[in-house]
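Shown next, in structure tokens, is the structure this report addresses.
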Amino acid sequence: MASKSKQKRMRENSRRETATLAVIIAMVAAVLAIMQNSYGQFSDIRGFYGMHFADGQHLWPFSTHTLLGSTDAMHPVEYPALTGLIMWLLSFFIKPAQFAFVDYFRLTAGFHVVLFGATAYLIKKLASRKWAIIFAISPAVLYSLNRNWDIWAVVTMVWAIYLFEKGKEKQSAILLAISIATKFFPLVLFFPILISCFRSKELKRFVIYFCYTVGAWVLINLPFALINFRGWSYFYEFNYSRGIGSASVWDVASRIGISLPTSKIFLYLLNIGVFALLGWLLLKSKTNFRLSESAFLTMFAFILFNKQYSMQYVIWLAALAVIAIAKLSKKHQLSIIYVYVLWQASELAFQYGFFQNILTSTYANTQTPASPQISSLTFGVIGLFRYVIAVAFTILLAKYLYDEKKPLTPAK
């Protein structure tokens, strides 16, 4: 019989091997994602290089500037502080050339390979190897991985959730602040944390966590605001004033002949309604939802009626979804995995249809039309299907999580 110390070493080795397997699969999948789109078509990464750094001056991205040889003033980047900093720092590794934007895309995507592996590692720690691998091979996630810089914020958000679950709340708050300073989306995680602390009568705990997060966020953002306040604040002004955008519920509805109100009041009412419903669910459950269980529901509620649906949002949703599914019983996991696969398929079709519709419009009435051609109506139908499946998946996951929060009936 093996000694206790030997058994302990064997368990530790098993855990390391399990984590390593998930990370390797994720990184190989991320490399394949680059190969699938090696030139970065329809990626903001290469587009922003062309708009801000193509002349090799490496001008501060949070400033209005003009590229060499151009007379057009370029507005600051519409991204939070850390994303702009990442974009700027990586530009120093690329020399101006005819296809420098492709080199910049591939360099950034190379970093994404590592970050994707790190995300899979953290999901494994929060869930299990199986769910980390399922996330890593999700086709819609891979298809959108290099559209933008979102994975930088996703990995720090998942890390923050992991630390929160481990009771390391100060460290979690700092990681959450970094994630918010990279993308801003994780700000909504305060909502389920507040409800959880309210239910457990630990509001002081929430206040401390909130203050640490906000304090860290201020320290990160303060230098950017001092260097150029107007450039730093452009992201917030831009997102507040922007109108209804592509792939949103409004855009999809309009393509199939349905006109939805576009006033800000209607938008706010929809979002308040969704969060009120989520709050009711979290408050009504018999026992508290953990952050790893409620994070997906919160992020989905935030994204559902967003003014624009960007294709990389599926990375956020899928990462949080598999973590939440892992908390279910085996019976419910088996039931919902089929819906997860269907949702991923609908997301992939939605993304492909979106970009193919753009190509169809761009090359209409030319000698080289897009193939296959996807009309506006066809994309609208695909979009409707995607939204229905996404909502159905979320409702089913919420139901399963809620049902399993009911305490067991005492034996008679």
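Does the stretch 235-252 include one or more residues that are closer than 16 Å to L187 by Cβ and either buried (at least 19 other Cβ atoms within 10 Å of the Cβ) or touching a strand residue (DSSP E or B) at 6+ places or on another chain (Cβ under 6 Å) (or both)? First the steps, then the outcome.
Start the filter on the stretch 235-252 by keeping residues that are closer than 16 Å to L187 by Cβ, which leaves 235-236, 239-240.
Then drop every residue that is not either buried (at least 19 other Cβ atoms within 10 Å of the Cβ) or touching a strand residue (DSSP E or B) at 6+ places or on another chain (Cβ under 6 Å) (or both), which leaves 235.
Yes, because at least one residue in the stretch 235-252 is closer than 16 Å to L187 by Cβ and either buried (at least 19 other Cβ atoms within 10 Å of the Cβ) or touching a strand residue (DSSP E or B) at 6+ places or on another chain (Cβ under 6 Å) (or both).
Collect the residues in the stretch 327-338 that are part of a helix (DSSP H, G or I) and surrounded by fewer than 18 Cβ atoms within 10 Å (Cβ to Cβ), keeping them in residue-number order.
Within the stretch 327-338, K330, K331, Q333, L334, S335, I337, Y338 meet the criteria.
Any idea which of (1) of a type in the set (A, V, I, L, M); (2) touching a residue at least 40 places away in the same chain (Cβ under 8 Å); (3) closer than 26 Å to W280 by Cβ is the one V155 doesn't satisfy?
V155 satisfies all of (1) of a type in the set (A, V, I, L, M); (2) touching a residue at least 40 places away in the same chain (Cβ under 8 Å); (3) closer than 26 Å to W280 by Cβ except (3).
Quick one: count up the residues across the stretch 114-163 that are more than 23 Å from M35 (Cα to Cα), hydroxyl-bearing (S, T, Y) and in contact with a helix residue (DSSP H, G or I) (Cβ under 8 Å, 6 or more places away or on another chain).
So the count comes out to 2.
Kindly indicate whether T71 is β-branched (V, I, T), part of a loop (DSSP other than H, G, I, E, B) and over 25 Å from L219 (Cβ atoms). I'd like the intermediate steps shown before the answer.
Numbers: β-branched (V, I, T): yes; part of a loop (DSSP other than H, G, I, E, B): yes; over 25 Å from L219 (Cβ atoms): yes.
Criteria met by T71.
Would you say G40 is of a type in the set (G, A, S), assigned to a helix (DSSP H, G or I) and in contact with a Phe, Trp or Tyr (Cβ under 7 Å, 6 or more places away or on another chain)? Don't jump to the end; show me each part of the working.
On the way: of a type in the set (G, A, S): yes; assigned to a helix (DSSP H, G or I): no; in contact with a Phe, Trp or Tyr (Cβ under 7 Å, 6 or more places away or on another chain): yes.
It is false that G40 is of a type in the set (G, A, S), assigned to a helix (DSSP H, G or I) and in contact with a Phe, Trp or Tyr (Cβ under 7 Å, 6 or more places away or on another chain).
Only one residue in A118, A140, A132, A153 is in contact with an Asp or Glu (Cβ under 7 Å, 6 or more places away or on another chain) and not in a loop (DSSP other than H, G, I, E, B), so which one is that?
On inspection, the qualifying residue turns out to be A140.
Looking at this structure, is Y352 of a type outside the set (A, V, I, L, M, F, W, C), assigned to a helix (DSSP H, G or I), at pLDDT 95 or above and out of contact with any helix residue (DSSP H, G or I) (no Cβ under 9 Å at 6 or more places or on another chain)?
Values: of a type outside the set (A, V, I, L, M, F, W, C): yes; assigned to a helix (DSSP H, G or I): yes; at pLDDT 95 or above: yes; out of contact with any helix residue (DSSP H, G or I) (no Cβ under 9 Å at 6 or more places or on another chain): no.
So Y352 does not fit the description; no.
Hey, does the stretch 92-108 have a residue that's small (G, A, S), surrounded by 20 or more Cβ atoms within 10 Å (Cβ to Cβ) and at pLDDT 95 or above?
no
Just one of A392, A324, A301, A370 is of a type outside the set (V, I, T), more than 26 Å from F198 (Cβ to Cβ), part of a helix (DSSP H, G or I) and in contact (Cβ under 8 Å) with a residue 12 or more places away in the chain; which is it?
After applying the criteria, what remains is A392.
Suppose we filter the stretch 74-91 for residues that are surrounded by 13 or more Cβ atoms within 10 Å (Cβ to Cβ) and not in a loop (DSSP other than H, G, I, E, B); how many remain?
11
Which one of the conditions (1) touching a Leu at 6+ places or on another chain (Cβ under 9 Å); (2) assigned to a loop (DSSP other than H, G, I, E, B) does K95 fail to meet, given that it meets all the rest?
All conditions pass for K95, except number (1).
For the stretch 195-269, which helices (runs of 4 or more DSSP H) that fit wholly inside it have 2 or more residues that are among the hydroxyl-bearing types (S, T, Y) and at pLDDT 95 or above?
Helices (runs of 4 or more DSSP H) meeting the threshold: 203-227, 229-241.
Show the residue pairs that are 6+ apart or on different chains and have beta-carbon atoms under 8 Å apart, the first residue being within the stretch 248-275 and within 23 Å of F350 (Cα to Cα), the second being among the polar types (S, T, N, Q) and in a helix (DSSP H, G or I).
Every condition considered, the pairs that remain are R255/S376; L260/S254.
Just to check your reading of the model, which residue among F229, F190 is within 30 Å of W159 (Cα to Cα) and under 26 Å from the mean Cα position of the chain (by Cα)?
F190
Answer with yes or no whether V207 is under 22 Å from the mean Cα position of the chain (by Cα) and hydrophobic (A, V, I, L, M, F, W, C).
Considered against the rule, which asks whether it is under 22 Å from the mean Cα position of the chain (by Cα) and hydrophobic (A, V, I, L, M, F, W, C), V207 comes out as no.
Quick one: which residue in T66, T71 is modelled with pLDDT under 95, over 24 Å from F111 (Cβ atoms) and surrounded by 11 or more Cβ atoms within 10 Å (Cβ to Cβ)?
Going through T66, T71 in turn, just one is modelled with pLDDT under 95, over 24 Å from F111 (Cβ atoms) and surrounded by 11 or more Cβ atoms within 10 Å (Cβ to Cβ): T66.
Working carefully through the options A54, A19, find the one that is more than 20 Å from the chain's Cα centre (by Cα), crowded, with 17+ Cβ neighbours inside 10 Å, in a helix (DSSP H, G or I) and at pLDDT below 95.
A19 is the lone residue from the list that is more than 20 Å from the chain's Cα centre (by Cα), crowded, with 17+ Cβ neighbours inside 10 Å, in a helix (DSSP H, G or I) and at pLDDT below 95.
Can you tell me which of S241, S259, S285, S292 is closer than 21 Å to I151 by Cα and small (G, A, S)?
Unique residue meeting the criteria: S292.
The values are calculated or read from the model by the stated rules, or taken from the named source; none is laboratory data. Keep in mind it's a predicted model, so treat the numbers as computed, not measured. When we count neighbours, we look across all protein chains shown, and the Cβ atoms used for this are built from the backbone with ideal geometry, even at glycine.
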